[in-house]
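The values are calculated or read from the model by the stated rules, or taken from the named source; none is laboratory data. Not measured: the values here are computed from a predicted model. A quick note on method: Cβ atoms are made from the backbone with ideal geometry, for glycine too, and the neighbour counts reach across all protein chains shown. Only protein heavy atoms, including side chains, enter the accessible area calculation; ligands, DNA and RNA are left aside. Shrake-Rupley method; radii C 1.70, N 1.55, O 1.52, S 1.80 Å.
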Amino acid sequence: MKLNKTLVITMIGLGSAAALLGACGKTEEQSGDVVGGSVSETVMTDDSGDDIVVGSESLKDDGYFKDIVTDGIDPRVKDKISYATDYSNSDWDGITLDITHAKLVTVDHYKDKDGKNFKTLLSLKYKIKNEDSSDKHITPDKAEMILSDGTKVKAQTFFDTWDDEILTSNKHKDGYIHFRMEDEEKLENIKGVDVTFKAKDDSGEEVSHTYKIDFPLDAEE
């Protein structure tokens with residue numbers, strides 16, 4: 001598998017990073033092969049003896065994730081992988097969902113506004129069309145990442161980036177859907193994602209539908 005590895009971490013800005021982290025000890029350069037690419041990173045050791053990876057690229061530098069970057073929540077990107085997809089599904093009640101791109105990143109602690117840490121993030125570039133004669137009240141509900149060994153990892157949706165739950169008849173909306181996982185996953189081991197949407201039917205009852213999105217065998221270069 002070819003991976004899109006763009007992590008380059010330098011000593012530039014190390015002084016400001018040290019100021020943020022408090023009193024730090026030694027620094028060292030580490031290099032190693034990473035499945036079809038290489039990575040160089042600066043590692044700082046704090047007073048407790050823990051290693052802290054300091055990157056040069058932050059999440060706001062990646063357009064696929066800019067919607068979830070806020071004041072004080074802009075972690076450093078450690079690794080990333082991209083897939084061009086041609087997923088399209090029209091199985092659900094006049095709704096067509098297209099996914100044209102998927103990007104995954106690992107970050108050094110994405111701490112949300114509630115103080116909870118997440119280390120793996122997914123962004124799906126989507127277009128959703130309502131080809132029914134009635135308006136739809138629809139929103140992403142939950143997701144599960146599918147690993148290469150069949151294991152499923154629960155992921156939380158960023159609800160606050162879904163700006164409008166009403167999808168007017170014969171209209172569409174597009175943009176990015178974001179998901180977050182607590183643990184750091186090996187990105188090339190994530191082979192797909194099951195995304196569940198919820199909606200209300202004509203009688204006002206809540207219904208749901210799950211889209212099973214497989215990632216291509218090869219990542220983008």
>> Could you compute how much accessible surface residue 98 exposes when probed at 1.4 Å, giving the result in Å² to the nearest 10?
In response: 30 Å²
> Stretched out fully, how many nm does the piece from residue 154 to residue 113 gain, at 0.36 nm a residue minus the Cα gap?
Replying inline: 12.8 nm
> When we measure straight from the Cα of residue 125, which lysines land under 20 angstrom away, once same-chain ones fewer than 8 places off are left out?
Replying inline: 5, 60, 66, 80, 103, 142, 154, 171, 173, 191, 198, 212
> Within a Cβ distance under 11 Å of residue 155, other residues only, what is the Lys/Arg minus Asp/Glu net charge?
Replying inline: -1
> In what order, largest first, do 191, 171 sit by accessible area if the probe radius is 1.4 Å?
Replying inline: 171, 191
> Based on the Cβ-Cβ distance of residue 89 and residue 58, what FRET efficiency does E = 1/(1 + (r/R0)^6) give at R0 = 30 Å, to the nearest 0.05?
Replying inline: 0.35
>> Please compute the modelled spin-label separation between residue 169 and residue 208, points set 7 Å along Cα→Cβ, answer in nm with one decimal.
In response: 2.9 nm
> Along region 210-217, what does the Karplus equation 6.51 cos²θ - 1.76 cosθ + 1.60 (θ = phi - 60°) give for ³J(HN,Hα), rounded to whole Hz, x for Gly and Pro?
Replying inline: 10, 9, 9, 10, 8, 7, x, 5
> What's the local net charge at residue 194, with K and R +1, D and E -1, over the other residues with C-beta under 12 Å away?
Replying inline: +2
> What net charge is computed for the residues neighbouring residue 59, neighbours being all others with C-beta under 9 Å from the C-beta of residue 59, Lys and Arg scored +1, Asp and Glu -1?
Replying inline: -1
